[in-house]
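S.K.: Here it is, the structure, as structure tokens.
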Amino acid sequence: MSRQRKSPGNLVYSSDQGRLCPGCGAPVADCRCREQRAAAPAGDGIVRLHRETKGRGGKAVTLVRGLPLGETELKALAKTLKRKCGVGGAVKDGCIEIQGEQRELIKAELEKIGYTVKLAGG
């Protein structure tokens, strides 16, 4: 049995450049993959507030969907909304999750900022 040699272009390990991006193979500081993923999703310009309890042990969660923001702006807005409501939350898949039934308070806050908001679901 003969062993195949790896081509010299496939870097296995190097501490020279630091961590490498698994997507493009560039150093994490120079990675372009993150910029492509952080692009704002296209929508109809209406922010929708959903109330959801599925898979959460009966506890209500307010979901904010349809915001035309990138990942960093979304996290900053989520932090502001969580502070305003006095509860916890998270940002998952381009959607802000705020603990509890907070739709009216979030609607008022988003309308102050200038978004068109609709209450949807539940």
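S.K.: Which of (1) at pLDDT 90 or above; (2) exposed (fewer than 13 other Cβ atoms within 10 Å of the Cβ); (3) not aromatic (Phe, Trp, Tyr) is the odd one out, the single condition Leu11 does not satisfy?
M.R.: The failed condition is (1).
S.K.: Further, regarding this structure: Among the residues of segment 40-57, what is the count of those that are surrounded by 10 or more Cβ atoms within 10 Å (Cβ to Cβ) and modelled with pLDDT of 65 or more?
M.R.: So the count comes out to 10.
S.K.: Answer yes if at least one residue in segment 24-39 is surrounded by 11 or more Cβ atoms within 10 Å (Cβ to Cβ) and at pLDDT 85 or above, and no otherwise.
M.R.: no
S.K.: Let me ask something else. If a residue must be at negative phi and in a loop (DSSP other than H, G, I, E, B), how many such residues does segment 45-72 contain?
M.R.: Total meeting the criteria: 9.
S.K.: I would also like to ask the following. So which residues in segment 86-118 are part of a loop (DSSP other than H, G, I, E, B), farther than 21 Å from Gly58 by Cα and under 20 Å from the mean Cα position of the chain (by Cα), if there are any at all? Don't jump to the end; show me each part of the working.
M.R.: So in segment 86-118, the residues part of a loop (DSSP other than H, G, I, E, B) come out as 86-88, 93-94, 100-102, 114-115.
Still in the running and farther than 21 Å from Gly58 by Cα: 93-94, 114-115.
The answer is Asp93, Gly94, Tyr115.
S.K.: Separate question: Test Ala78 against the criterion of being modelled with pLDDT under 85 and either in contact with a Pro (Cβ under 6 Å, 6 or more places away or on another chain) or within 30 Å of Pro22 (Cβ to Cβ) (or both), and give yes or no.
M.R.: no
The values are calculated or read from the model by the stated rules, or taken from the named source; none is laboratory data. Since the model is a prediction, treat every value here as computed from it, not as a measurement. Quick reminder, even Gly has a Cβ in these numbers, built from the backbone with ideal geometry, and neighbours come from all protein chains shown.
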